[in-house]
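**Student:** Sharing a structure below in structure tokens format, with a few things to ask.
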Amino acid sequence: MKHSERQRDGQQWIYDYILKTTGRAVHFEMDGRNVPPQVKSIRMAAKFMAKQGETAERLARKADAAGDRLNARALFRTASEHYREAQHFAIPPLGAKRWEYYARARDCAKRLYELTDTPVETVELPFAGGSFPALLHVAPGNGPRPAVVFFPGMDNTKENWPDPLDNEFAERGMHVLAVDGPAEDPAKNHRELHQRRDHGHRGDGERHVAEDLREAHVDA
């Protein structure tokens, strides 16, 4: 007999009921489904989202091999997003499947960045004797420009936003530094960097943002 790991696990049927009636695995107050219609329970969500990612990735790599840059980068973006969603709903939350899906999301995003019109660079921000990862979206043009520092939510990743194919900040001449901060993937689970209740250590990384921008040869 399988025993629940957490007290709330016995309430899984409520989650599954809402998912079936709304077509959503999260943010149930919003309109429109965000999981495939085949998904009838939260345990099915990651599997089917990953299948959508595999389809998009397969088409992306075919387009890439054929030299179809526009469709390839759009499909790599779609694949990365499906894999990112799949890892978020993987059960168990810290199991091997989650990291497999997230690795595939990063891999598709990496190829996407190589196909974009504006540079997207990986940087490391010093933190607590180590570092945590960030993506620097460099705006086109010369001379000093503003830089937006963006920390995604706890259920998000730096690959999700901004979308390099629709970056409203770059269009307005602004750099964006998207950061996986402490307690956000992959910093929390791959590097064991955890958020503190007082947020005290987060500032240690933020103080290094200007230095990292300069090291990346960005005039901000």
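**Student:** Tell me which of these LEU136 doesn't satisfy, since it passes every other one: (1) part of a helix (DSSP H, G or I); (2) not assigned by TED's automatic domain parsing to the domain that holds ASP16.
**Tutor:** (1)
**Student:** Testing GLU121 on (1) more than 19 Å from the chain's Cα centre (by Cα); (2) at pLDDT 85 or above, one condition comes back false. Which one is that?
**Tutor:** If we test GLU121 against (1) more than 19 Å from the chain's Cα centre (by Cα); (2) at pLDDT 85 or above, just (1) comes out false.
**Student:** Yes or no: ALA139 surrounded by fewer than 21 Cβ atoms within 10 Å (Cβ to Cβ), modelled with pLDDT of 90 or more and among the small types (Gly, Ala, Ser)?
**Tutor:** Answer is no for this residue.
**Student:** State whether the residues of the range 72-85 include one that is closer than 25 Å to ARG33 by Cα, among the hydroxyl-bearing types (Ser, Thr, Tyr), crowded, with 22+ Cβ neighbours inside 10 Å and touching a helix residue (DSSP H, G or I) at 6+ places or on another chain (Cβ under 8 Å). Full working, then the answer.
**Tutor:** Filtering the range 72-85 for residues closer than 25 Å to ARG33 by Cα gives 73-85.
Narrowing the set further to residues that are among the hydroxyl-bearing types (Ser, Thr, Tyr) leaves 78, 80, 83.
Okay, now just the ones that are also crowded, with 22+ Cβ neighbours inside 10 Å, so 80, 83.
Adding the requirement that they be touching a helix residue (DSSP H, G or I) at 6+ places or on another chain (Cβ under 8 Å) leaves 80, 83.
The answer is yes; a qualifying residue exists.
The values are calculated or read from the model by the stated rules, or taken from the named source; none is laboratory data. These numbers were taken from a predicted model, which means no experiment stands behind them. A quick note on method: Cβ atoms are made from the backbone with ideal geometry, for glycine too, and the neighbour counts reach across all protein chains shown.
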